[in-house]
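Accompanying notes for the structure given below.
The values are calculated or read from the model by the stated rules, or taken from the named source; none is laboratory data. Just so it is clear, the model here is predicted, and its values are computed rather than measured. No Cβ is skipped: glycine too gets one built from the backbone with ideal geometry, and neighbour counts run over all protein chains shown. Accessible surface areas use protein heavy atoms only, side chains included; no ligands, DNA or RNA. Shrake-Rupley method; radii C 1.70, N 1.55, O 1.52, S 1.80 Å.
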Amino acid sequence: MIKIKRKIICLIFTLYYLNASVSYAENSVEVMHWWTSVGAEAKAIGTLKSDLAEKGIGWFDMPIVGGGGGNSSEVLRARVIAGNPPTSAALLGNKITEWANREGALRNLNSVAEKEEWSRLIPRAVQKFSKHNGDWIAAPIDFHSTNWIWINKEALDAAGGKAPETWDELVNVLDKMKENGIVPLGHGGEAWQEMTIFDSIVLGLGDDFYQSAFFDLDPLVLSGPKMLEAFDRMAKLRTYVDDNFSGRDWNIVVAMVAQGKAGMQIMGDWAKGEILNVGKLPDRDFICIRFPGTQGAITFNSGQFVMFNDVAEEQKAVQLEMASSIMSKKVQFGFNVYKGSIPARVDLDSDGFDSCAKKAMEDLAQADASGRLYGSMAHGHASTTEIQGAFYEVVTAHFNGELTSQEAVNELVQSIANLTQ
Ligand code: GAL
């Protein structure tokens, strides 16, 4: 059902954008992205838009609804195949690499990157996706960490007041919230949201486990007892979700937590952008903690803009200016303050950011120094789109009760083997 809904959305967007006979004024960019939540995301993207406007560059918005950017890839593919790519598109992780693998699709950004010394400013783990065969092909606009839990403060106080640090403590707090008559875990039933939780559960069972399950795709680890435990933990969390979770957008869940209808949400820090947007404050109204067992480590994703080669000359002229704007201190600050993330360049200080973002900046420095910075599988920074898709299918089928934990393990092992052999 959800898949059919997604296909219909993609089809409508594809038909719309393929047929649109937009004529671009000189000095303008057409930008594809999925930052469509009317609160924080719209404001965040607005900062880039207005920076370009100050430079006399117009903006044609090409928003594709669908959290995590899931729908946008298909629409983008259709546009490129039709020989009509947008000027620029936001992409995540391995999707950038996959586009770069298509000979000549992406514009080389070396001239601006070298002039502005991007290699000195961007964390290496992010650069891995901004570069291809040594050339710059993407400009990162944000750095999100995804192993967060956002907890309503009042609900936590009513549940004993102590932020959970271990799995058992988490279960304990969720039980108390259930007794208190609220939805303990706010959740949106979409594959990417379920996989976001799964990332945290896997990392919570150990860094080695995360590394060997997600990066090495080690069959012994994928079929082993820890993977079974990971699925059992997912099944346990499923018992704290309300009946209407299916297909719910992530920002609707944020509202549930902000209003105290739900106790918490396990989600990347774009959720915080939305909580702040409705006037809630960290420490006073909500708290941010790392998923129990993942303290000191980070699962991350970073939204990056690529520029397409096959565009009209007048758009080519402004692509490099747009890349430069994205990386400017002004846009990195404004965008990320709204978005809930932190800048993708490490030379901004934390003044003007909220306390959770300040913590995220410290955590990034620490995790980077200790080698505990991991790309998120859920958000395309651990493996290929195909492998990510295989995880999505199994994790979401299991969460929806279609597979037992053991069946999920078996299925996962099988689909990964099919894709890697
Ligand atoms: C993530 C993305 C965020 C945010 C979120 C919800 O994958 O990195 O920027 O948009 O999805 O759509």
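I'm trying to understand the selection: among the residues of the stretch 24-56, which are under 19 Å from the mean Cα position of the chain (by Cα) and part of a loop (DSSP other than H, G, I, E, B)?
Trp34, Trp35, Thr36, Ser37, Val38, Gly39
Any residue in the stretch 382-407 that is surrounded by fewer than 20 Cβ atoms within 10 Å (Cβ to Cβ) sitting within a Cβ distance under 6 Å of a residue that is polar (S, T, N, Q)? List the pairs, counting only those 6 or more apart or interchain.
Within 6 Å, the pairs are Thr384/Asn94.
Considering only the stretch 152-167, state which residues are in contact (Cβ under 8 Å) with a residue 60 or more places away in the chain and either of a type in the set (S, T, N, Q) or surrounded by fewer than 24 Cβ atoms within 10 Å (Cβ to Cβ) (or both).
Step one: list which residues in the stretch 152-167 are in contact (Cβ under 8 Å) with a residue 60 or more places away in the chain, which gives 152-156, 159, 163-167.
Scanning the stretch 152-167 gives Asn152, Lys153, Glu154, Ala155, Leu156, Ala163, Pro164, Glu165, Thr166, Trp167.
Residues are listed down the side, and each one gets a yes or a no for (1) open to solvent by 10 Å² or more (accessible area, probe 1.4 Å); (2) away from the ligand (no atom under 16 Å from the Cβ):
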| residue | (1), (2) |
| --- | --- |
| Leu109 | no, yes |
| Glu116 | yes, yes |
| Ala138 | no, no |
| Asn147 | no, no |
| Glu169 | yes, yes |
| Glu190 | yes, no |
| Ser212 | yes, yes |
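Restricting attention to the stretch 264-279, does a residue exist that is more than 16 Å from the ligand (Cβ to nearest atom), surrounded by fewer than 24 Cβ atoms within 10 Å (Cβ to Cβ) and not in a helix (DSSP H, G or I)? Lay out the reasoning, then the answer.
Residues of the stretch 264-279 more than 16 Å from the ligand (Cβ to nearest atom): 264, 278-279.
The next check asks that each one be surrounded by fewer than 24 Cβ atoms within 10 Å (Cβ to Cβ); those that pass are 278-279.
Remaining after also requiring not in a helix (DSSP H, G or I): 278-279.
Yes: one or more hits.
Name the residues in the stretch 394-421 that are in contact with a helix residue (DSSP H, G or I) (Cβ under 7 Å, 6 or more places away or on another chain) and acidic (Asp, Glu), would you?
Selection gives Glu411 alone.
Let me confirm something: among Glu179, Glu154, Glu165, which residue is away from the ligand (no atom under 16 Å from the Cβ), more than 30 Å from Gly389 (Cα to Cα), under 24 Å from the mean Cα position of the chain (by Cα) and not assigned by TED's automatic domain parsing to the domain that holds Trp34?
Working: Glu179 fails: under 24 Å from the mean Cα position of the chain (by Cα); Glu154 fails: under 24 Å from the mean Cα position of the chain (by Cα).
Result: Glu165 is the single residue among Glu179, Glu154, Glu165 that is away from the ligand (no atom under 16 Å from the Cβ), more than 30 Å from Gly389 (Cα to Cα), under 24 Å from the mean Cα position of the chain (by Cα) and not assigned by TED's automatic domain parsing to the domain that holds Trp34.
Can you name every residue in the stretch 215-251 that is within 16 Å of the ligand (Cβ to nearest atom) and surrounded by 16 or more Cβ atoms within 10 Å (Cβ to Cβ)?
First pass over the stretch 215-251, keeping only residues within 16 Å of the ligand (Cβ to nearest atom): 247-251.
Correct list: Arg248, Asp249, Trp250, Asn251.
Could you please find all residues in the stretch 306-355 being assigned to a helix (DSSP H, G or I), touching a strand residue (DSSP E or B) at 6+ places or on another chain (Cβ under 6 Å) and open to solvent by less than 10 Å² (accessible area, probe 1.4 Å)? Steps first, please.
Taking the stretch 306-355 first, the residues assigned to a helix (DSSP H, G or I) are 313-327, 329-339, 355.
If we keep only those that are touching a strand residue (DSSP E or B) at 6+ places or on another chain (Cβ under 6 Å) as well, we get 318-319, 322-323, 326-327, 336, 355.
Listed by number, the residues that qualify are Val318, Gln319, Met322, Ala323, Ile326, Met327, Asn336.
Against the condition in a helix (DSSP H, G or I) and among the aromatic types (Phe, Trp, Tyr), how does Trp99 come out, does it pass?
Values: in a helix (DSSP H, G or I): yes; among the aromatic types (Phe, Trp, Tyr): yes.
Judged against the criteria, Trp99 is a match.
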